[in-house]
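Worksheet: the structure to be examined is printed underneath.
The values are calculated or read from the model by the stated rules, or taken from the named source; none is laboratory data. Here the structure is a predicted model, which means the values were calculated and not measured. Cβ coordinates were reconstructed from backbone atoms using ideal geometry, including for glycine residues, and neighbour counts include every protein chain displayed. The protein model used for the area step is the full one, side chains on, heavy atoms only, and it has no ligands, DNA or RNA in it. Shrake-Rupley method; radii C 1.70, N 1.55, O 1.52, S 1.80 Å.
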Amino acid sequence: MGSDHYFSASPASPENLRRIRVVLHGREVEVLTAGGVFSPDHVDSGTAVLLANTPPPPAGGHLLDIGSGWGPIALSLAMASPHATIWAVDVNERALDLVRRNAENLGLPQVNAVRPEDVPDDIVFRSIRSNPPIRVGKNELHGLLEKWIPRLDERSDAWLVVQRNLGSDSLQRWLAATFDRGYSVHRAATGRGFRVLRVRRHGTPPTEPISLP
């Protein structure tokens, strides 16, 4: 794509729409993808590891997918929690259009695919699931997480998947240092060279520490 990246707001590369078959929430479905978005030909390995190593999402409330791409995480959340409201957030307008079209085709009207600034400020999230855009750079990534993680509801979790050789361990340390009051940060799973990090926001009174096997 040259200088055109999946985190560009308006990709200049040809759209090259395509339909692919994938398995989401245990169901084989056909989705629409395109050039200029992240992983247009399949569910990428990191997202697959995240989906395989997170518990069922809350049945209701607001759920957030940061950096949605064409929508595998957001669509999976919507399939699992039909009574929840799903926010699929991305800066890539082409990706957001794909999420909207895929949600409509799959009968998932509770998916809202929007730019970050279009999420109402008063919403808090019962869960955050994300394969965050590591390649935007450390400062951008940290700013992204500092924006969204504090919007977790009390007694709620964010689940992030990060490739080990792209800095998952250093990110875990940064998360623990940044969210040191009222939060817990743990590595929840490892697979295919990826780490799944769990960030819990405790409540008042504090919840018990996370118990991991």
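Remark: region 45-52, residue by residue, has Karplus-estimated 3J(HN,Hα) of 4, x, 4, 4, 5, 4, 5, 7 Hz, where x stands for each Gly or Pro and the curve is 6.51 cos²θ - 1.76 cosθ + 1.60 at θ = phi - 60°. Taking other residues whose beta carbon is less than 15 angstrom from the beta carbon of Leu96, and scoring Lys, Arg as +1 and Asp, Glu as -1, yields -4. When the alpha carbon gyration tensor of region 31-107 is reduced to an equivalent ellipsoid, the three semi-axes, largest first, read 19, 15, 11 Å.
Couplings 3J(HN,Hα) of region 182-196, computed from phi: x, 10, 10, 10, 9, 7, 8, 6, 9, x, 6, x, 10, 10, 9 Hz, in residue order, whole Hz [Karplus 6.51 cos²θ - 1.76 cosθ + 1.60, θ = phi - 60°; x for Gly and Pro].
Using the 1.4 Å probe convention, the accessible area of the chain works out to 47 Å² per residue with neighbouring protein chains retained. Comparing Thr47, Thr33, Thr190 in a Gaussian network model of the chain where C-alpha atoms under 10 Å apart are linked, the largest mean-square fluctuation is found at Thr190. Over the chain, all Cα pairs binned in 5 Å intervals from 0 give whole-percent P(r) values of 1, 7, 16, 20, 21, 17, 11, 4, 1, 0, 0, listed from short to long. When DSSP beta bridges are restricted to pairs lying wholly in the chain, around 55% turn out antiparallel. Ligands, DNA and RNA left out, the 1.4 Å accessible surface of region 64-170 is 43% carbon and sulfur atoms.
When the helices of the chain are scored as -39500 (n - 2.57) per DSSP H run of n ≥ 4 and the total is divided over every residue, the value at 222 nm lands at -7500 deg cm²/dmol. Near Pro55, once Lys and Arg are set to +1 and Asp and Glu to -1 for all other residues with Cβ below 15 Å from its Cβ, the sum equals +4.
A Förster distance of 22 Å, applied to the separation of the beta-carbon atoms of Glu117 and Trp174, puts the FRET efficiency at 0.35.
Relative to the longest principal axis of the C-alpha atoms of the chain, give the angle of the C-alpha long axis of helix 93-105, reported between 0 and 90° and rounded to the nearest 10°. Helix 93-105 sits at roughly 90 degrees to that axis. Over all directions, the projected convex hull of the C-alpha atoms in region 63-110 averages 2.7 nm² in area.
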